[in-house]
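Trainee: Before anything else, here's the structure in question.
The numbers here are math on the coordinates, done by the rules we state, and not lab data. Since we're looking at a predicted model, the values are computed, not measured. FYI the Cβ positions are ideal-geometry reconstructions off the backbone, even for glycines, and counts take in every protein chain you see.
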Amino acid sequence: MEATNNNSVESVQDMTWAEGVPLMAGQYMMGLAEPSPETKDYWQGVKEGRLFIKQCSGCGKHNHPRRIFCTACNSDALESVEAKGTGTVYTFSTVYRAPVPAFEKEIPYSVGVLELSEGIYLFSRIIPEKGKEVRIGAPVQLTFQETGPNGRLPAFQIVG
Ligand SMILES: [Zn+2]
C-alpha cells in the first residue's frame, strides 16, 4: 500500500497562512525556505550559522515554535534571542527507507526532538558520532546542514 501525504502540491497552493516559499522535495512540501514576516530573523540567523528563538520579555520564557503570544503569560512582547545551540536528544527515529527519491542518498539518517538548554523542544536532523548510533539523552551541539540551492537547515551533532 502506498502512503499518502497531505502536503502535496495541491494543498501547498491553497496555503495562505504564511508568505514564505515552500521548500519542495519532489512533490512534497518540506517547509518554508523563504521567510515570512514571523520567521524572517530565524532564517537570517540560519544563513549566518546562528539559531534564533523567541523569548518573552514579560516572563522570560522561551517560546518555540514561533508564536505571536507567550504560551506562559500571553504577552505579545516576544523578542528574538540567539539560542546557545546546546541540549539533549529527547526522542528520535532513524530513517532506513527514503520517503521520496530525493532522500535516497542520505539513508540511513536520524531525525528527532531535541530539548534545548533554553527549555524548548525543536525537531531537527540528528547527526551521531562517527560509528555510533543516536541515543536518548545524548548531549548535542548545533550545526547546520546544507540542503542544496535553497540554503541550509539547523541540525544537531551528538557530542559525547
Ligand atoms: Zn511570557
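Trainee: For the stretch 83-141, run through the trypsin sites (Lys or Arg not before Pro) and keep only the ones in DSSP coil with at most 14 other Cβ atoms within 10 Å of their Cβ.
Mentor: On the way: sites: 84, 97, 105, 125, 130, 132, 135; in loops: 84, 97, 130, 132, 135.
Here the trypsin sites (Lys or Arg not before Pro) that fit, given the DSSP loop and packing criteria, are 84, 97, 130, 132, 135.
Trainee: Follow-up. Beyond 22 Å, what percent of the Cα pairs of the stretch 84-160 remain?
Mentor: Values: 603 of 2926 pairs.
Percent of Cα pairs beyond 22 Å in the stretch 84-160: 21.
Trainee: Past the 25 Å Cα-Cα mark, which pairs from 61/132; 61/130; 61/84; 40/105; 47/84; 105/132? Display every interim value, and only then the final one.
Mentor: Values: 61/132 34 Å; 61/130 35 Å; 61/84 15 Å; 40/105 30 Å; 47/84 16 Å; 105/132 19 Å.
Over 25 Å Cα-Cα: 61/132; 61/130; 40/105.
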